[in-house]
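Okay, structure first, notes after.
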């Protein structure tokens, strides 16, 4: 059985959910630094035949806040304006009503922390697909934050009694299989494939958009099939 660890993103892209699919235990890495202009609170959707970047607004950020310490700026424009944009962008999508209900259900609770909002979006998506997975926040685990980056991933994996850790492919620039093997962990990297699907625009396929786009245009059996489109090495 395997462990995967990744920062929580708000309705992340399909590849994120393929990583969830590949792991038996999935840890939302919420006690690491929030990176401005990253993908934690931003993503792209399909709008009028091209990609459109949306952003979850945050309260004033300092350079030293973790994702857990980053608070959502609920205001008169968010989430109302965001929901109007989504409804307009996907008004012709076959699953617009079901997915708008899903998204509204995630937003209605208005959690303070971005970590909770993002985590809720991931959990809600998984539930919608009829799949079962236990998600954990790293801030709730007993593994120390005062150790090196690789060491912490290793110790989190061991805390579940497992010996296989799955990392995103870009982790090859940071981690090596021999260094993990020395600590008794089999490091694997996921190679994600993003199957094309009709997006209703009759134009070029826009890959790697938020999972919102996948959910809008595809039924549950097709999405569950997409989740298996990866390899491990």
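Computed from the coordinates by the stated procedures, all read-outs in this text should not be read as laboratory data. Computed from a predicted structure; not experimentally measured. Glycine gets a Cβ as well: all are built from the backbone with ideal geometry, and neighbour counts include every protein chain shown.
Can you tell me the 0 to 90 degree angle between the C-alpha axis of helix 96-107 and the longest principal axis of the chain, rounded to 10?
Approximately 50 degrees, to the nearest ten.
How big is the stretch 119-233 on each of its three principal axes, counting only the C-alpha atoms and giving the largest first in Å?
Principal-axis extents of the stretch 119-233 (Cα, largest first): 50, 28, 21 Å.
What order do you get for 11, 189, 17 when you list them from fewest to most C-beta neighbours inside 10 Å?
Least to most surrounded, the residues fall as 189, 17, 11.
Just to be sure I understand: of the beta bridges DSSP finds with both ends in the stretch 90-232, what percent are antiparallel, rounded to 5? Please list the in-between numbers first.
Values: 3 of 8 bridges.
Antiparallel bridges: around 40 percent, rounded to the nearest 5.
Within 10 Å of each residue's Cβ, count the other Cβ atoms and sort 121, 139 from fewest upward.
Working: 121 24, 139 17.
The order, fewest Cβ neighbours first, is 139, 121.
Calculated FRET efficiency, residue 97 and residue 73, Cβ-Cβ r, R0 22 Å, to nearest 0.05?
Working: r = 28 Å, r/R0 = 1.27.
That pair, residue 97 with residue 73, gives E of 0.20.
Please check which bits of the stretch 13-52 a label hung off residue 84 would reach, taking the label as a point 7 Å along Cα-to-C-beta and the cut-off as backbone N under 18 Å.
Answer for this model: 47-48.
For helix 80-89, report the angle its Cα long axis makes with the longest principal axis of the Cα atoms of the chain; keep it between 0 and 90° and round to the nearest 10°.
70 degrees
Quick check: the distance between the Cα centres of the stretch 201-228 and the stretch 29-56, to the nearest angstrom?
17 Å
Compute the length gained on full extension between residue 52 and residue 191: take 0.36 nm times their separation in residues and subtract their Cα-Cα distance, giving the result in nm to one decimal.
47.5 nm
Peptides 62-73, 24-35: what's the order by average Cβ count within 10 Å, highest mean first?
Packing proxy ranking, top to bottom: 24-35, 62-73.
Which order results if 192, 229 are arranged by neighbouring Cβ count within 10 Å, fewest first?
229, 192
Relative to the longest principal Cα axis of the chain, at what angle does helix 149-159 sit, 0 to 90 degrees, rounded to 10?
90 degrees
How would the stretch 1-108 be classified by its alpha-carbon gyration tensor: rounded, prolate or oblate, with rounded meaning a/c under 1.5 and the a/b versus b/c comparison settling the rest?
oblate
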